[in-house]
Amino acid sequence: MARKPATERRDEITTGIETEPAFAYRPLPGVADEMVDNKGAVRPVWQNLLSALSRMTEQELTERFARADRYLRDAGVFYRAYGTTGVSERGWPISHIPVLIDEQEWQSLSEGLRQRADLLEAIIADIYGDSRLVSEGLLPPALIATNPEFLRPLVGVKPASGHHLHFLAFEVGRGPDGNWWVLADRTQAPSGAGFALETRVATTRAFSDIYAETKVHRLASFFGAFRDALFGGKRGTEGRVAVLTPGPANETYYEHAYIARYLGFMLLEGEDITVVNDQLMVRTVAGLRPISVLWRRLDAAYADPLELNQQSHIGTPGMVEALRAQTVTIVNALGSGILETRALLAFMPTICRHLRGEELKLPSIATWWCGQKSEREHVAANIEKMVIGPAYSRMPFFDDNGQSVLGSTLRSTARDSIADWLATEGQKLVGQEVVTLSTTPAWVNGKLTPRPMSLRVFAARTENGWQIMPGGFARIGSGDDVAAIAMQSGGSAADVWIVSDKPVEAHTLLPTEESFTRNMPGSLPSRAADNLFWLGRYIERAEGALRILRAWHGRFAEAADPKQPLLADVSAYLATIDIDTKQAVPENLLRNIESAVYSASNIRDRFSPDGWLALNDLAKTARRFKERVKHGDDASHAMTILLRKLAGFAGLVHENMYRFTGWRFLSLGRYIERGLHMTRLLGHMSGPDAPDGALDMLLEIGDSVMTHRRRYNVNTARLTVTDLLALDPLNPRSILFQMNEIHREVEQLPNAYVNGQMSPFFREAMRLHSGLAVMTPETMTVEVYQQLARELERLSDLLARTYLG
């Protein structure tokens, strides 16, 4: 793309006119545009960005966008999409061009959202309190009583914090007249704040130079203030703040883990929590510990199967009773999802005047509940301007995935039956005015193209009242159709820059004071310990299988006969651990690696991005080899590559993981599995009936060939191999080395000593270690190996009963 003189480009940009073909931006007629005003001029807040973009070649822009995409890919940012073909995991769909809004306009928008947040708090306090809005005729009784989000067990339950709402999100759009409208309120378990952070980071990777010179408000202060508010709700020194997630299958699980890690909160699932004496307690490896503040990210009905949805498998029985006792603060309060009811928008202006004595500063999209005669008749008379949809839906009209009816698309015969439909089903329906949203520039097919847009804006209750995130993210439609804005419908997300005309303060979540207190990591939840333990076992199990398969394929490449005694013997051993040598890359090897990925996915808040990337790269490579690799040298080389990648993952974990309780469970999983691997292998291949070459193969599998040559001035023999691979305390592959490490880690676990005495688990680990330490190579028989393998399995079971139950 050839460049024009700066002065010529500046004139064109300022007047919104023809610049380079890629920047010949033409807003849609009759639609408000974020970049171009109604006179066709570029808004001042956009001029610096557009000027910078116009100076870039297409190649430079492509490289910049690639940096943003690479960051999201490397960070593992994803969401789950649910469709007719099932669930798919997708990368976060970024729209690279940010949306710019002037600071003064944002302050006005924020003021309206703060008023709305206070109004929502007053409404929900009344719904679950005195119910005066219903008794005084401001809310129809049916809208509350028949609402699936109205949770009767919560009536009369006052929140411990004094507030029902702590964290909100608002869907906001700009209409053709340039004014902002609220499309929907998010009060149940608002998602997207973590994605907004990641979208900001990715966008600044693409435009780091422009971002640095543009006075954009940072997001960290918003999260810092909310974190301080939640920590301020702790009860005493023992209370904990945690994020409650439905689990890895949830569409926004990545965000749950990201937010927990970013703010330093525990990430829990329902099964991690129990209720004791009306107090929420988290199960940890050190015992039960109290929870003071729980930021829930699951729908309220699933939170307590005892009093709410009895079909829930992701909640905690007794949680409602803990709320009655005011021993815990839930963010947001159970039952707050009723505020997302679409029909409620029709009554908010009147309620605002009644409760606050003022008009809504930020109007809602025009809504009519069809349970009332006059409203029903109005909707029927103006059907061509309406969208008809479920009254109790929690989605804005464009998110309903076909549940809503657009009046203008109906045939005349169908319109005639609308009145009858509304008369019979009106209580379940609302009519909403069709709103044309504003457009914003998006990079489509090599040029700036107007695309419909709405904002998701977040509000957090802090010590100083409601604070509005200075930005959030914009949902960008994939085409001209407003209905495509929904993420599930193929839209994308853009960063939102709130631009000031003066320097902005750079905030950070790191403490600024010079003095500090070194806090030890919190207690490890038992479920997290379980996943760390099995992550260690699966990784070691995969490595053991890889080493055996590499040695097997190397010898097969020479003999080309799987019936050769050594190959047949090793194949028989592998069959006992469900590894089939008829497959160059056995299916069970892939399952072990994928099980490791699954275990890691359950502890994303405790897992480094580098470790996660390395583990996923290992899994992807293994799956690719499954389709391509053949027996012999090809497979042997493939196993070597997989071993290197696995070693890279293990190295990242070893060098970077903090040496505390989580590390110990991960290490114990590896040591127990490696001990089992070597014990079973020696028991099978070092006996008197072992085929020729078995001892040399054992040394290769144990990565101890060179060590054996240096330490023993004899040829390979059963006693020397036994001494090196079973009883040498300095060989990291030997059984005794694993027992030494197990003993060392177990001694550091919580409750290793009870009332001054060893715990049963510690005692069993000590007994196993001592018994092996006094053995000699001559006494290590097949029967001894078999017994040792059974005892290692029992040790694993005892660890699970002691810490992971």
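The values are calculated or read from the model by the stated rules, or taken from the named source; none is laboratory data. Small disclaimer: the values here were computed from a predicted structure and weren't measured. Here the Cβ is made from the backbone with ideal geometry for all residues, glycine too, and neighbour counts use every protein chain on show. The area values use the complete protein model at the heavy-atom level, side chains included, leaving out ligands, DNA and RNA. Shrake-Rupley method; radii C 1.70, N 1.55, O 1.52, S 1.80 Å.
Could you run through the range 210-241 and say how many residues are within 19 Å of I498 (Cβ to Cβ) and open to solvent by 20 Å² or more (accessible area, probe 1.4 Å)?
Count: 8.
Only one of (1) at pLDDT 95 or above; (2) under 23 Å from R733 (Cα atoms) fails for T621. Which number is that?
(2)
Yes/no per residue for (1) within 24 Å of the chain's Cα centre (by Cα); (2) open to solvent by less than 60 Å² (accessible area, probe 1.4 Å); (3) basic (K, R); (4) farther than 30 Å from P248 by Cβ:
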{"site": "S595", "(1), (2), (3), (4)": "yes, yes, no, no"}
{"site": "W612", "(1), (2), (3), (4)": "yes, yes, no, no"}
{"site": "K620", "(1), (2), (3), (4)": "yes, no, yes, no"}
{"site": "R624", "(1), (2), (3), (4)": "no, no, yes, no"}
{"site": "G632", "(1), (2), (3), (4)": "no, yes, no, yes"}
{"site": "S636", "(1), (2), (3), (4)": "no, yes, no, yes"}
{"site": "M639", "(1), (2), (3), (4)": "no, yes, no, no"}
{"site": "L643", "(1), (2), (3), (4)": "no, yes, no, no"}
{"site": "F649", "(1), (2), (3), (4)": "yes, yes, no, no"}
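Which residues, counting only those in the range 251-285, are basic (K, R) and either part of a strand (DSSP E or B) or without any contact (Cβ under 8 Å) to a residue 24 or more places away in the chain (or both)?
Hit for the range 251-285 is R283, nothing else.
Would you mind telling me which numbered condition in (1) part of a loop (DSSP other than H, G, I, E, B); (2) within 30 Å of T436 (Cβ to Cβ); (3) at pLDDT below 95 I97 fails?
I97 satisfies every listed condition except (3).
Out of everything in the range 246-281 that is over 17 Å from S608 (Cα atoms) and touching an Asp or Glu at 6+ places or on another chain (Cβ under 8 Å), what residue ends up being least open to solvent (accessible area, probe 1.4 Å)?
Across the range 246-281, the extreme among qualifying residues is G247.
Which residue out of R550, R541, R606 is charged (D, E, K, R), in contact (Cβ under 8 Å) with a residue 24 or more places away in the chain and in contact with an Asp or Glu (Cβ under 7 Å, 6 or more places away or on another chain)?
After ruling out the rest, the residue left standing is R541.
Among the residues of the range 48-80, write down those that are under 18 Å from S492 (Cα atoms) and outside any helix (DSSP H, G or I).
G76, V77, F78, Y79, R80
Evaluate the following for V482: is it at pLDDT below 95 and either of a type in the set (A, V, I, L, M) or within 24 Å of the chain's Cα centre (by Cα) (or both)?
yes
Hey, does the range 166-173 have a residue that's open to solvent by 60 Å² or more (accessible area, probe 1.4 Å) and either touching a helix residue (DSSP H, G or I) at 6+ places or on another chain (Cβ under 7 Å) or more than 30 Å from A225 (Cα to Cα) (or both)?
Within the range 166-173, none of the residues are open to solvent by 60 Å² or more (accessible area, probe 1.4 Å) and either touching a helix residue (DSSP H, G or I) at 6+ places or on another chain (Cβ under 7 Å) or more than 30 Å from A225 (Cα to Cα) (or both).
Can you tell me which residue in the range 286-326 is surrounded by the fewest Cβ atoms within 10 Å (Cβ to Cβ), limited to those that are part of a loop (DSSP other than H, G, I, E, B) and out of contact with any Pro (no Cβ under 9 Å at 6 or more places or on another chain)?
Q310
Going by the conditions given, is R152 open to solvent by 50 Å² or more (accessible area, probe 1.4 Å), of a type outside the set (D, E) and under 30 Å from E63 (Cα atoms)?
no
For the range 756-797, give me each residue that is open to solvent by 30 Å² or more (accessible area, probe 1.4 Å), within 41 Å of the chain's Cα centre (by Cα) and more than 30 Å from R718 (Cβ to Cβ).
Selection gives M758, P760, R763, D797.
Step by step: first the residues of the range 364-387, then only those that are over 13 Å from W421 (Cβ atoms), within 41 Å of the chain's Cα centre (by Cα) and free of Cβ contacts under 8 Å to residues at least 60 places away in the same chain, then the one that is surrounded by the fewest Cβ atoms within 10 Å (Cβ to Cβ). Which residue is that?
K385
Return the total of residues in the range 351-363 being in a helix (DSSP H, G or I) and open to solvent by 60 Å² or more (accessible area, probe 1.4 Å).
4
Would you check which residues across the range 785-805 are over 20 Å from T661 (Cβ atoms) and either in contact (Cβ under 8 Å) with a residue 60 or more places away in the chain or not in a helix (DSSP H, G or I) (or both) and list them?
If the condition is that a residue be over 20 Å from T661 (Cβ atoms) and either in contact (Cβ under 8 Å) with a residue 60 or more places away in the chain or not in a helix (DSSP H, G or I) (or both), then Y785, Q786, L788, A789, L792, E793 are the ones that fit.
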